Amino acid sequence: MALSLIYDGLDWNGSDYHVDHIIPRSRAERRVLMGMGLPEHRIKEITAAVDRLGNLQLLPSQENLEKNDLPFEAWITSRNVAYREQHLIDDTPDLWTVTALPEFVRHRDRLIRQKLLSLTVQEAA
């Protein structure tokens with residue numbers, strides 16, 4: 001439900017949307033992170049962030065299937081600035097990797113919070 005509030009102008013009639021993990025869950029699995037040689041505390045931070053709202057977005061079903069589990073940093077570079085703005089994804093490539101997932105989520109959580117607060121201010125006016 002929270003995701004539906006942050007997207008302006010989605011066509012809910014006849015369109016099928018998926019909840020997508022921006023940084024794919026498969027890339028944040030413990031065994032994958034261990035293979036990267038990350039310290040245990042960092043692995044715990046990353047795995048704790050993977051299912052947070054800040055790592056979720058709504059995508060049309062076909063786009064989500066095409067994205068699948070591509071590395072986010074590879075996939076997002078094929079999208080333009082307007083796309084990133086629509087999905088509240090900061091234009092900071094350093095945050096687009098699985099190793100930066102906790103920071104990515106914190107930053108995007110802030111953007112989501114700002115968006116939701118702007119909606120409540122608009123309704124109050």
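Tabulated data
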item	result
Angle in degrees between helix 40-49 and the longest Cα principal axis of the chain, rounded to the nearest 10	20
Listed residue (PHE104, SER118, VAL81) projecting farthest to the positive dipole end of the chain, Cβ model	PHE104
Neighbourhood net charge (11 Å Cβ-Cβ; Lys/Arg +1, Asp/Glu -1) for THR99	-2
Three semi-axes of the equivalent ellipsoid, the chain, Cα gyration tensor, whole Å, largest first	26, 17, 13
For PRO24, net neighbour charge (Lys/Arg +1, Asp/Glu -1) across residues whose Cβ lies under 10 Å away	0
Rel. contact order, % - alpha carbon contacts under 8 angstrom, at least six apart, the range 70-125	28
Gyration tensor verdict on the range 69-111 (Cα atoms; rounded if a/c is under 1.5, prolate if a/b is larger than b/c, oblate otherwise)	oblate
Qualifying GluC sites (Glu not before Pro) for the range 19-125 [loop in DSSP, other Cβ within 10 Å: at most 16]	GLU29
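Readers should treat all values here as calculations from the given coordinates under stated rules, not as data from a laboratory. Keep in mind it's a predicted model, so treat the numbers as computed, not measured. A quick note on method: Cβ atoms are made from the backbone with ideal geometry, for glycine too, and the neighbour counts reach across all protein chains shown.
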